[in-house]
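Accompanying notes for the structure given below.
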């Protein structure tokens with residue numbers, strides 16, 4: 001349990017983590033009606049995590065390539081694309097569409113460099129590959145590693161489980177926020193403390209302020225009052241948003 005929590009914190013510390021934004025128009029696939037993964041596929045597609053293969057098809061029984069697996073898992077974990085100047089793998093280029101997501105998994109420690117330095121993105125992802133990524137990223141040791149290739153349906157079910165896990169973490173992340181309202185004089189500062197349920201957050205709290213003419217809030221939650229007026233500080237943590245009312249009075 002501790003390893004899973006620390007893995008989530010590692011993700012938050014190294015990358016700006018945010019929920020995948022849902023697409024209002026859920027794609028319709030003509031070949032998943034009788035698939036055991038139908039619900040997972042539609043849920044992920046609606047969030048922009050998975051795509052079809054064209055012509056209105058998802059191809060659930062087709063093997064998934066390693067590079068596409070990396071994209072799906074990175075998105076499911078909420079990891080933002082990362083673009084180092086020098087690629088980790090010798091067979092990947094910054095111009096590859098999957099590059100940022102592969103490097104994001106490397107950044108959070110979910111992918112390790114092979115001895116020959118290759119990623120082999122076009123090869124099918126195998127159960128042993130998925131098991132290793134899942135363990136390194138979350139601490140989960142629930143898959144039986146084998147050399148069997150994974151289908152797109154199997155990956156969809158796995159990814160949907162990760163998304164649901166992140167959602168549960170986010171809903172339970174915050175214990176309290178203090179203060180719940182602020183009254184300060186222009187020129188003063190006030191720190192907003194966001195206390196986690198456990199010793200650290202699995203998501204990075206993100207702060208925003210509704211009235212820039214009145215003041216601003218820093219990335220670590222310090223509100224700086226600039227002029228008399230009112231506004232709302234919004235604190236986003238995972239899938240939840242919290243508000244702090246602000247009133248600034250003249251000096």
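What's the extension gain from residue 39 to residue 146 if we count 0.36 nm per residue and subtract their Cα-Cα distance?
36.0 nm
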| message | Suppose the chain between residue 184 and residue 114 were pulled fully straight at 0.36 nm per residue; how much longer would it get relative to their current alpha carbon spacing? | response | 19.7 nm
| task | Pull out a ≥ b ≥ c, the square roots of the eigenvalues of the alpha-carbon gyration tensor of segment 174-249, then state rounded if a/c is under 1.5, prolate if not and a/b is larger than b/c, and oblate in the remaining case. | result | prolate
| request: Return the FRET efficiency for the residue pair residue 241, residue 161: r is the Cβ-Cβ distance, R0 is 25 Å, and the value is rounded to the nearest 0.05. | output: 0.50
| Counting alpha carbon pairs within less than 8 Å and at least 6 residues apart, what relative contact order, in whole percent, applies to segment 211-251? | 35
| For segment 174-249: relative contact order, % (alpha-carbon pairs under 8 angstrom, 6 or more apart) | 35
| Efficiency by 1/(1 + (r/R0)^6): what FRET value for residue 123 and residue 55, r their Cβ-Cβ distance, R0 = 22 Å, to the nearest 0.05? | 0.35
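A short reminder: the numbers here are calculations on the coordinates, not readings from a lab. Since we're looking at a predicted model, the values are computed, not measured. Every residue, glycine as well, gets a Cβ built from its backbone with ideal geometry; the counts of neighbours run over all protein chains shown.
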